[in-house]
Amino acid sequence: MKFAVTVALPCAAFVAAASAAAGSAQEAASTPPPSRSELRAGLESRFKAMDRNGDGTLDRSEIEAANARVAEEAAAALARRLEEEFARLDANKDGMLSIAEFKASAPPPRPTPVDATLQRLDSNKDRKISLDEFSRPMLAAFDQLDSNKDGTLSAAEQQPAGR
């Protein structure tokens, strides 16, 4: 059975075009986008490469083959990126990541911006947080969990919903 390709490109062609066009972030930033005619020529070239029997349409087997090629290329690219990242993290180049090397790669924690905290907790908008405003969200969460309203949370009430 043949699937005629009219307006929309099959998934594999789109992924291949997007992957080829994406490149690295630096290349994308320095390379101007293609003109419509350049884009069309690239799409036609990719389509012809996918159309193994040259009949001007892509059948199921041709789409499957193209999808498999794209997946294989993506897996290879991911493997390269992971190897590069590992090499970058392996500061002493011993082929292993120590806890120290792993920790050094972690981004530092960022405190919540003061304005976000004020926006979330300062209910009377006086640019200060009272004990009542500070306590209200956690007490509301407690009250929601305390289904029998006895002022304590049983083991069952502490379990996430659905367990």
Report task. Please enumerate the residues belonging to the stretch 29-56 that are in a loop (DSSP other than H, G, I, E, B) and under 22 Å from Ala68 (Cβ atoms). Result -> Asp51, Arg52, Asn53, Gly54, Asp55, Gly56
Query raised in the report: How many residues, within the stretch 89-99, are assigned to a helix (DSSP H, G or I) and surrounded by 10 or more Cβ atoms within 10 Å (Cβ to Cβ)?
Result: 1
Report summary line: Cβ pairs under 7 Å, 6+ apart or interchain, first in the stretch 104-117 and over 23 Å from Ala87 (Cβ atoms), second aromatic (Phe, Trp, Tyr), ordered by first then second residue, are none
Query - Selected residue [surrounded by 11 or more Cβ atoms within 10 Å (Cβ to Cβ), out of contact with any Lys or Arg (no Cβ under 6 Å at 6 or more places or on another chain) and either modelled with pLDDT of 95 or more or assigned by TED's automatic domain parsing to the domain that holds Leu97 (or both)] from Ala79, Ala29, Ala66 - result: Ala66
Query - Within the stretch 102-155, considering residues that are surrounded by 10 or more Cβ atoms within 10 Å (Cβ to Cβ) and of a type in the set (Val, Ile, Thr), the one farthest from the chain's Cα centre (by Cα) - result: Ile129
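The values are calculated or read from the model by the stated rules, or taken from the named source; none is laboratory data. Here the structure is a predicted model, which is why all the values come from computation and not from measurement. We place every Cβ from the backbone using ideal geometry, glycine too, and count neighbours over all the protein chains shown.
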